[in-house]
Amino acid sequence: MYNSKKRKGIVKKMKKLNFVVGVLVVAAILLLIILLISTFFKDGVKKPPEVSSTPPLTTATATPPTTDNAVDTPVPTDNTIPVQDDIAPLTGEKITREATVGKEKLSIIFSSELFTHIEMDTGNQYFLKSAAADEAYIDIAYHQDDLELRKISFLEWYVPDFIPGSMNMLGQVFVAGSEVAAEGITTTNGTKTAEAWLIEVEGGFFSVVAGYTDEDSRDVLYRMLDTLEFSL
């Protein structure tokens, strides 16, 4: 009798325990299902990328490729006249300077827009308007003197404060860009440069002098000297 009651009590406790365990298992299964569903929606649904309304601060620029076989641009030497394609040929009035002895004469084209012309007893002077006074000029004259005696010290009058040793005799050269050959001389005082071309004629010689302080003025002077012509 006692054993029967005891057995019934144990069975009753086992049923309660099984019920509790069953409830816990069902709860665990439900929790697992909820976690799986949550994970699926979190990983399976992707948010669209955010579009920035602010433009980028910098834009990348492609660097052009470099080649090893690039051709070097030739650098003109001191005796080469620089070519300026953007400057039109010099036009204007043609002025002739004749020797007082013989038939030789020099002629040059003078532009009143670029130069101021002053005619003197000994020759013609042309001062560049774009330069300061006496800083850029061309002087053409005739001299009744011996060329060999005068050429050594000829430029001392134009550059009295020249640097010792800077007086260079260039020998027979062409006058600037022209086709007129002459004895060339050059000197400088460190700021101003003077170039002279001396042409021997009957009874004396012609002198063509260009004075300048900068290369831009020199280029304009050379444009004018390029129109120089010598005839007998």
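Values in this text are rule-based calculations from the coordinates and carry no lab data. As the structure is a computational prediction, the values presented were derived from the model and not from experiment. Cβ: placed from backbone, ideal geometry, glycine included. Neighbour counts: every protein chain shown.
When PHE115, PHE230, PHE19 are ordered from fewest to most other Cβ atoms inside 10 Å of their Cβ, what list results? Could the numbers behind the result be given before it?
Details: PHE115 22, PHE230 18, PHE19 10.
Ranked by crowding around the Cβ, least crowded first: PHE19, PHE230, PHE115.
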Can you check what the net charge comes to around SER111, using other residues whose Cβ is under 15 Å from the Cβ of SER111 (Lys, Arg +1; Asp, Glu -1)? -1
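Residue separation times 0.36 nm, minus the C-alpha to C-alpha distance between GLU229 and GLU200: what's the value? Kindly include the intermediate steps, with their values, before the conclusion.
Working: separation 29, 0.36 × 29 = 10.44 nm, distance 1.44 nm.
Length difference between fully extended and current span is 9.0 nm.
Tell me, HIS117, HIS143 in order of fewest to most beta-carbon neighbours within 10 Å? Write down the numbers at each step before the final one.
Values: HIS117 15, HIS143 18.
Ascending number of Cβ neighbours within 10 Å: HIS117, HIS143.
Lysine pairs in region 93-231 with Cα distance under 27 Å, only those 8 or more apart or on different chains: how many are there?
Working: LYS94/LYS103; LYS94/LYS105; LYS94/LYS129; LYS103/LYS151; LYS105/LYS129; LYS105/LYS151; LYS129/LYS192; LYS151/LYS192.
Lysine pairs satisfying the spacing and distance rule in region 93-231 number 8.
Taking the Cβ of each residue in LEU32, LEU147 as the centre, tally the other Cβ atoms inside 10 Å and list the residues starting with the fewest.
Details: LEU32 10, LEU147 18.
Going from least to most buried by this count: LEU32, LEU147.
Using the C-alpha atoms of region 110-197, what convex hull volume per residue, in cubic angstrom, is computed? Working shown, then result.
Values: hull volume 10.2 nm³, N = 88.
Spelled out: Cα convex hull of region 110-197, divided by residues, is 116 Å³.
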Tell me whether region 167-232 comes out rounded, prolate or oblate; compute the Cα gyration tensor, take square roots of the eigenvalues as a ≥ b ≥ c, and use a/c under 1.5 as the rounded threshold. oblate
